[in-house]
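To start, the structure under review is shown below, and the notes come after it.
The values are calculated or read from the model by the stated rules, or taken from the named source; none is laboratory data. What you see is a predicted model, and the numbers here were worked out from it, not measured in a lab. In this analysis, Cβ positions are derived from the backbone assuming ideal geometry, glycine residues included, and neighbour counts consider all displayed protein chains.
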Amino acid sequence: MTHAGLTAPGDDFNYGSSATLDVTCLQALSKRIHYGKFVAEAKFLAKPEEYSALIRSRDAAGIMKLLTDREVERSVVERVRRKAATFGQDITENGAVSVGTGANGGTPEGGPRLKVSPDLVARVYEDIVMPLTKDVEVMYLLRRLDGVQPPAVSSATTTVAFEASQPAAAAPAR
Ligand SMILES: O=C(O)C(=O)C[C@]1(C(=O)O)C=C[C@@H](O)C=C1
């Protein structure tokens, strides 16, 4: 999958700066994608029975279906598009927004000059970031019940066993 148009064509010879910023971008993407673990945990806690059944039957496709929310996905993509259109503007020294088609063709003629096409950023989210986030969610959930006690053990039994395993409290000083 290619996303041409992310950078202006040509060579600016800024290889060191590019590599450093690439690492920063990749780390930010990785962090955002791995937040899927927290999202998955919240989703599991909201529907523990449904997820547990799918996890026990190792139904990855079923988990993917249950955690997917197309409405949220649409609003995330739109928010990303609007943010790119807002924060991708170039400002001039006197504070005005510079106009004209940006180097990456992100702007219609006469509109604000943009560093990168908002549609391209939106597509990166839609085609790469959200699918990877969902893969992380599925992988997290498939392991969510590892080491969890079977349901036959009641919480009362667990509490008693836990307290019994704790060292006795020190006797109060006289
Ligand atoms: O917000 C959620 O419900 C998520 O799981 C996160 C996210 C995303 O990556 O933005 C992923 C899957 C959903 O279909 C919608 C959005």
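Summary of values
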| quantity | calculated |
| --- | --- |
| Single residue of Ser57, Ser18, Ser30 found to be under 19 Å from Met130 (Cα atoms) and of a type in the set (S, T, N, Q) | Ser30 |
| Selection count, the range 22-46, where residues are more than 12 Å from the ligand (Cβ to nearest atom) and closer than 15 Å to Val138 by Cα | 1 |
| Cβ pairs under 8 Å, 6+ apart, first in the range 132-161 and surrounded by 15 or more Cβ atoms within 10 Å (Cβ to Cβ) and polar (S, T, N, Q), second outside any helix (DSSP H, G or I) and at pLDDT 65 or above | Thr133/Tyr35 |
| Count of residues meeting criterion [farther than 17 Å from Val80 by Cβ and either in a helix (DSSP H, G or I) or modelled with pLDDT under 80 (or both)] in the range 108-142 | 12 |
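Conditions (1) within 16 Å of the ligand (Cβ to nearest atom); (2) acidic (Asp, Glu); (3) at pLDDT below 95, marked per residue:
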| residue | (1), (2), (3) |
| --- | --- |
| Ile55 | no, no, no |
| Val80 | yes, no, no |
| Gly88 | no, no, yes |
| Ala96 | no, no, yes |
| Ala103 | no, no, yes |
